[in-house]
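Please treat every number below as a calculation from the coordinates, not as lab data. Only a predicted model underlies this, so the values are computations on that prediction, with no experimental measurement involved. Note: ideal-geometry Cβ built from the backbone for every residue, glycine included; neighbour counts use all protein chains shown.
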Amino acid sequence: LAKMDRQLANKTNEFLLLGLSENPKIQVILFQIFLLFYMSTVFGNFLLIVAVRIDSRLHNSMYFFLSNLSILDICYTSIIVPKMLVNIAISSRNISFAGCLLQVYFYLFMGETECILLAFMAYDRYVAICNPLHYNVIMNTVSCVRMISVSWVTGCIISSIDIYFVYQLRFCGPVTIDHFFCEAPSLLQLACSDISANNIVTMVGSSILLIIPVCLILFSYFKIFLVLVKIGSGRYKAFSTCVSHLIVVIVFYGTATFMYMKPRYSSTEVTDKMVSVFYTVVTPMLNPLIYSLRNKDVQRALRRMTKYLTSPL
């Protein structure tokens, strides 16, 4: 590895990803686990997108947001996991400088967009439960499209600012990234130029994309719980659904906050890798299950779709 590192440093156009483990036996196990996770993520989210698309009963704001979340999750995990699987399969650790920057940009883009989208989804549930009589007026098609547009545009703008400051840095070796993908904090540790501007941009962006959405989500669910306490019928089911949503939100935002708002060098590389696995691999796999596939309307749509596809012509 030291020899490869020196060679790559001389080229100054490639990085070396150490991955999760250097043990060949463990790598085989990791390959199987992450391949299963990735296939489950793509399959589960794709099923939800198709079900929402073809079933007119699911053409409402909640499922519109959920289908967009599924698109984000497929893109988000596809930016990271396939490259890692290829590296394990062909025993390669290399990633080009351009490839590394593209990976940083797109995973920040998708992740930051998802942060905002989850806040809008919580607001949608807040309006549906706390103000049901005005739900269709408030959450109309135009409003939903605007919220989705704000999510994508904001994610694009902030990630573009992030990658601009990363691109300005000089990387003069070593070029070994102790991670399984090009994550921004790990990449910044390799810079041999001043990263104070990058740290400021990261803190400001994290405050906008993590703290503010979390506060909005917690406020929305707090108001929802107050309403659910007062009603009788269906309260347990609603509580169960809200708790499941909050668990996913806590895992996603909690791990992302730990990575991007912690003091520098306050954790080990192993800890950072394990935390990254949760918001890059585990959460995208759980989202369709927690948010949608347990939903009876989605289950009925999937059964109708399966029956239609398997019925003789």
**OP:** Work out the length of the dipole vector of the chain about its Cα centre, built from +1 on the beta-carbon of each Lys and Arg and -1 on the beta-carbon of each Asp and Glu, and round it to the nearest 20 debye.
**Re:** 1060 debye
**OP:** First measure r as the distance between the Cβ atoms of Val150 and Ile71, then evaluate 1/(1 + (r/R0)^6) with R0 = 22 Å and state the FRET efficiency to the nearest 0.05.
**Re:** 0.85
Original post:
Can you give the FRET efficiency for Met274 and Val142, using 1/(1 + (r/R0)^6), R0 = 51 Å, r = Cβ-Cβ distance, to the nearest 0.05?
Top reply: 0.75
Subject >> Fewest-first sequence of Phe258, Phe219 by Cβ atoms within 10 Å of each Cβ >> reply: Phe219, Phe258
Original post:
Hey, what did the chain get for relative contact order, percent, Cα under 8 Å, at least 6 apart?
Top reply: 27 percent
Original post:
Considering only Ser67, Phe109, Ile95, whose Cα is most displaced toward the positive end of the charge dipole of segment 1-137, charges sitting on Cβ of Lys, Arg (+1) and Asp, Glu (-1)?
Top reply: Ile95
Subject >> Extension gain, Asp178 back to Leu36 (0.36 nm per residue minus Cα-Cα distance, nm) >> reply: 48.8 nm
**OP:** Could you tell me which helices of the chain pass both thresholds, a Cα extent of 20 Å or more along their own axis and a mean Kyte-Doolittle hydropathy of at least 1.6, with helices taken as whole DSSP H runs?
**Re:** 24-54, 212-230
Original post:
What's the Kirkwood radius of the chain in Å, using all Cα pairs?
Top reply: 21.0 Å
Subject >> Cα-based Lys pair tally, segment 2-310, threshold under 21 Å, eight or more apart or on separate chains >> reply: 8
**OP:** Could you sort 278-289, 78-89 so that the peptide with the highest average Cβ count within 10 Å comes first and the rest follow in order?
**Re:** 278-289, 78-89
Original post:
Label Leu289 and Ser91 with points 7 Å out from Cα along Cα→Cβ: what is the distance between them in nm?
Top reply: 3.4 nm
Original post:
What is the calculated FRET efficiency for Ile157 to Asn13, with r their C-beta to C-beta distance and R₀ = 35 Å, to the nearest 0.05?
Top reply: 0.80
Original post:
Given the rule -39500 (n - 2.57) for each run of at least 4 DSSP H residues, summed and divided by the residues of the chain, what is its mean residue ellipticity at 222 nm, to the nearest 500 deg cm²/dmol?
Top reply: -24500 deg cm²/dmol
**OP:** Arrange the following residues from fewest to most other Cβ atoms within 10 Å of their Cβ: Leu66, Leu48, Leu18.
**Re:** Leu18, Leu66, Leu48
**OP:** Figure the gain on full extension for Met305 and Ile211 (residue separation times 0.36 nm, minus the Cα-Cα span) and round it to one decimal in nm.
**Re:** 29.9 nm
**OP:** Just rank Ile217, Ile211, Ile49, fewest to most, by other beta-carbon atoms within 10 angstrom.
**Re:** Ile211, Ile49, Ile217
Original post:
Roughly speaking, what is the stretch gain from Ser56 to Lys230, that is 0.36 nm per residue apart minus the C-alpha to C-alpha distance, in nm to one decimal?
Top reply: 59.4 nm
**OP:** Specify the residue with the greatest mean-square fluctuation among Val229, Val145, Val249, computed from a Gaussian network of the chain linking alpha-carbon atoms under 10 Å apart.
**Re:** Val229
